[in-house]
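J.: Let me give you the structure first, and then I'll get to my questions.
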Amino acid sequence: MPHLAVADLTATYPGTDKPVLRDVSLQVEKGEIVSLIGPSGSGKSTLLRVLVGLLPPNSGSVRIDGEAVDYTSRRSLKNARDRLAIVFQQYNLFQNMTAMGNVTIAPIRIKGWRRPEVEADAARLLAKVGLADKHASYPDQLSGGQQQRVAIARALALKPEILLLDEVTSALDPELVGEVLDTIRVLAADGMTMLIVSHEMGFVREVSSRVVMMDQGSIVETGPPAQVFDAPETLRAREFVSRILRH
Amino acid sequence: MLDRIISEVPRFFTYYNMVFLLEAMGRTLLMTLVGVSLGFALGFLLDFARRTPGRAWLPLRLAATLYVETFRRIPFLVILFIVLFAIQGFRFSVSLFGVAMIGICVISSAFCAEIIRAGFDSIHQTQWDTAAVMNFGRLQTLRHVVLPQAWRVILPPAFAFMVMFIKDTALASQLGVVELTFAGKVLSTRGFSAILVFGTVLVLYFVLSYPLSRLGAWLERRLAPSRGR
C-alpha cells in the first residue's frame, strides 16, 4: 500500500474558473523521495497546499496509508495534518519566538507532549540541522539558510510520517542553498518519506527515487530521475528538460 | 496683574480647592482609563466582527464597518450631545458622568478598532497558514502567534491615542461633568484669576499625560527594532 496516494485531484483557486490542478494522480511509497519539477505555475506548490488542507480540492482523493482524507471534515483534516508536515519556501517561522520556541511550541501547546522531552528532542533536531548554538536566536537574527533549517527542525519535531518540502531553497542566497540541501540529504538517509518541490535539478537527480514533471496543472511525465532527465518520453517534458539543461 | 496673581496664591492653594481639583483630575483619569480600556475590548470585538467570513455574517460585518467608519468621523462633542439627548429622549436616568462615559466608549471603540485592525493586518497570512497546518486552532494561533506580534504594532499608537484622549475628555465639561477643565471653570467663576486657575489645570494635565507619553515612547523604542521580527 502506498504511503501517500493522490488520485484524480482537481483544484481551483477561489474566485477563478481555471483549475490549477487537473486530475493529478501520484503515489509515494514508504521511504521514497518523490520530486515534483516543472515550470513556474505548473501547480507543484499548489499540490502541496492542497495536501495540507490550505486549498480545498474540487474532486479526487488523497489517501495516507490507505485512509482517505476528507478535507471538509475538521477531524479528518486534523488527522492528516498530524501525519504530514510542510516546510515553506519563505520558512514562515513565528517571528515572536526563538528557534527553540518555534520548534517546541506545537508539540507542547498543540500536542500536549511533556516539555522536558520536547525540549530534549528539539535540541537534538536543532543539532541535526547544524544549529546547536542558535537555540535562543530570533528569526531576524538568523540567515535565510539558518531560518529554513529551523523550519525543517520545527516540522520534524511534530514527528510527521511524510515531509513536504515546498521550494525550500528558492528564497535563499546561492551560498546558503548547500547547507539546506545537506540537511535534506541527512533526512533522506534516515528513510523519511518526502515529497519535494524543487528547482535544484542536480539535487533532485541525486536524491529522488522518482521524479514527477508537471505542466499547466497536469502530470506530464513520471519516472526515475535518469529517465525523466535523459530520455523524457513526452514532448512537453523534452522541451522543459532542454530548457533547464541549457542553464 | 502679576501682583494680583501672587496675592491670590495663598487663598487659592487651600486644602479645599486642591481636593476639588484633584478629585476632578481623578475623574479625568478615570474617564480616560475606563474609556480606553472598554474601547479596546469593544474595538477587538468590532475587528472580529469585521473579519467574519462568508455571506451569513455579512450584516454583522456591515454593521461593524458602518459603526467604525461613522464614529471616527463625528466630532467627540457631537457624540456627547447625541448620547445625552438620546438618553434623555428615552427617559433613562443616567448621570452626566455616565453619559460622558458612554460617549467616550463609543468613540474610543471606533478608534481602537482601527488601531487593532492595523496591528492584525501587519501579520502576514502565512503565519496563520503555517500555524493551521501544525493543527493550531484559530484562537490558539491568535494567542500564541498573532497577538504577540500584533502588540508591537498596536501599543505605540494606542498610547498616543490615550494621551490625546486625556485632553479630549475636557469636552465632557460641556455637559457639566466635573472633570479637570470644568473644575477650572468653577474656580475661576468663584473669582480666582483665570490665569492662576487654568495655569494650575495645565500643570495637572501635564502631570497626567507626560508619564503616559513617556511610557508610550519607551514602549515604541523597545518594540521598534523587533518589528521586523
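The values are calculated or read from the model by the stated rules, or taken from the named source; none is laboratory data. None of these values were measured; they are calculated from a predicted model. Counting neighbours? That spans all protein chains shown, and the Cβs are built from the backbone with ideal geometry, glycine included. Keep in mind that these areas ignore ligands, DNA and RNA; they rest on the heavy atoms of the full protein, side chains included. Shrake-Rupley method; radii C 1.70, N 1.55, O 1.52, S 1.80 Å.
J.: Taking the condition open to solvent by less than 60 Å² (accessible area, probe 1.4 Å), touching a residue at least 12 places away in the same chain (Cβ under 8 Å) and either of a type in the set (Phe, Trp, Tyr) or within 14 Å of chain A (Cβ to nearest Cβ) (or both), does B:Phe120 pass?
T.: In short, yes.
J.: Does A:Ile244 qualify as being modelled with pLDDT of 90 or more and touching a strand residue (DSSP E or B) at 6+ places or on another chain (Cβ under 9 Å)?
T.: Here the answer is no, as A:Ile244 does not meet what is asked.
J.: For region B:107-114, state whether one or more residues are open to solvent by less than 40 Å² (accessible area, probe 1.4 Å), within 14 Å of the chain's Cα centre (by Cα) and among the charged types (D, E, K, R).
T.: Yes, region B:107-114 contains at least one residue that is open to solvent by less than 40 Å² (accessible area, probe 1.4 Å), within 14 Å of the chain's Cα centre (by Cα) and among the charged types (D, E, K, R).
J.: Taking interchain pairs and intrachain pairs at least six residues apart, which have beta carbon atoms under 7 angstrom, with the first residue in region A:82-97 and within 7 Å of chain B (Cβ to nearest Cβ) and the second open to solvent by less than 30 Å² (accessible area, probe 1.4 Å) and assigned to a loop (DSSP other than H, G, I, E, B)?
T.: Listed by first residue and then by second, the contacts come to A:Asp82/B:Asn135; A:Ile86/A:Val52.
J.: Let me ask you something else. Select from region B:70-89 the residues that are open to solvent by 60 Å² or more (accessible area, probe 1.4 Å) and modelled with pLDDT of 90 or more and list them in ascending order.
T.: B:Arg72, B:Arg73, B:Pro75, B:Val78, B:Phe81, B:Ile82, B:Phe85
J.: Here is a check on your reading of the model: is B:Val197 in contact with a Ser or Thr (Cβ under 6 Å, 6 or more places away or on another chain) and either part of a helix (DSSP H, G or I) or surrounded by fewer than 19 Cβ atoms within 10 Å (Cβ to Cβ) (or both)?
T.: Taking the combined requirement at face value, the residue satisfies it.
J.: Same structure, new question: Restricting to region A:208-224, name every residue that is assigned to a loop (DSSP other than H, G, I, E, B) and either touching a Pro at 6+ places or on another chain (Cβ under 7 Å) or open to solvent by less than 10 Å² (accessible area, probe 1.4 Å) (or both).
T.: The answer is A:Ser208, A:Gly217.
This table checks each residue for (1) assigned to a loop (DSSP other than H, G, I, E, B); (2) out of contact with any Leu (no Cβ under 7 Å at 6 or more places or on another chain).
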| position | (1), (2) |
| --- | --- |
| B:Val19 | no, yes |
| B:Ser37 | no, yes |
| B:Ala49 | no, no |
| B:Ala63 | no, yes |
| B:Tyr67 | no, no |
| B:Arg73 | yes, yes |
| B:Ile79 | no, yes |
| B:Ile87 | no, yes |
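J.: How many residues are in contact (Cβ under 8 Å) with a residue 40 or more places away in the chain and open to solvent by less than 20 Å² (accessible area, probe 1.4 Å) if we restrict to region B:131-156?
T.: Total satisfying the criteria: 2.
J.: Which ones in region B:150-191 are within 12 Å of chain A (Cβ to nearest Cβ) and in contact with a Phe, Trp or Tyr (Cβ under 8 Å, 6 or more places away or on another chain)?
T.: B:Ala150
J.: Here is a further query. Being outside any loop (DSSP other than H, G, I, E, B) and within 9 Å of another protein chain (Cβ to nearest Cβ) is the filter; apply it to region A:99-117 and report the residue that is most open to solvent (accessible area, probe 1.4 Å).
T.: Taking the candidates together, the pick is A:Arg109.
J.: Right, another one. So for region B:208-228 (the condition being at the interface with another protein chain (Cβ under 10 Å from one of its Cβ atoms) and open to solvent by less than 50 Å² (accessible area, probe 1.4 Å)), does at least one residue qualify?
T.: Scanning region B:208-228 turns up at least one residue that is at the interface with another protein chain (Cβ under 10 Å from one of its Cβ atoms) and open to solvent by less than 50 Å² (accessible area, probe 1.4 Å).
J.: For A:Asp133, only one of the following conditions fails: (1) surrounded by fewer than 23 Cβ atoms within 10 Å (Cβ to Cβ); (2) in contact with a Leu (Cβ under 6 Å, 6 or more places away or on another chain). What is its number?
T.: That leaves (2) as the condition not met.
J.: May I ask you to say which residue of A:Asn96, A:Asn79 is of a type outside the set (A, V, I, L, M, F, W, C) and in a loop (DSSP other than H, G, I, E, B)?
T.: A:Asn96
J.: Select from region B:132-145 the residues that are within 20 Å of B:Ala118 (Cα to Cα), of a type in the set (A, V, I, L, M, F, W, C) and within 9 Å of chain A (Cβ to nearest Cβ) and list them in ascending order.
T.: B:Val145
J.: Still on this structure, I have one more. Looking at A:Leu51, A:Leu4, A:Leu26, A:Leu77 in this structure, which one is in contact with a Gly (Cβ under 8 Å, 6 or more places away or on another chain), buried (at least 19 other Cβ atoms within 10 Å of the Cβ) and touching a residue at least 24 places away in the same chain (Cβ under 8 Å)?
T.: A:Leu77
J.: Condition first: under 24 Å from B:Trp128 (Cβ atoms) and either more than 10 Å from chain B (Cβ to nearest Cβ) or outside any loop (DSSP other than H, G, I, E, B) (or both). Now tell me which residues in region A:42-54 satisfy that.
T.: A:Gly43, A:Lys44, A:Ser45, A:Thr46, A:Leu47, A:Leu48, A:Arg49, A:Val50, A:Leu51
J.: Which residue, of A:Leu158, A:Leu93, A:Leu163, is buried (at least 23 other Cβ atoms within 10 Å of the Cβ) and either small (Gly, Ala, Ser) or on the phi < 0 side of the Ramachandran plot (or both)?
T.: So the residue among A:Leu158, A:Leu93, A:Leu163 that is buried (at least 23 other Cβ atoms within 10 Å of the Cβ) and either small (Gly, Ala, Ser) or on the phi < 0 side of the Ramachandran plot (or both) is A:Leu93.
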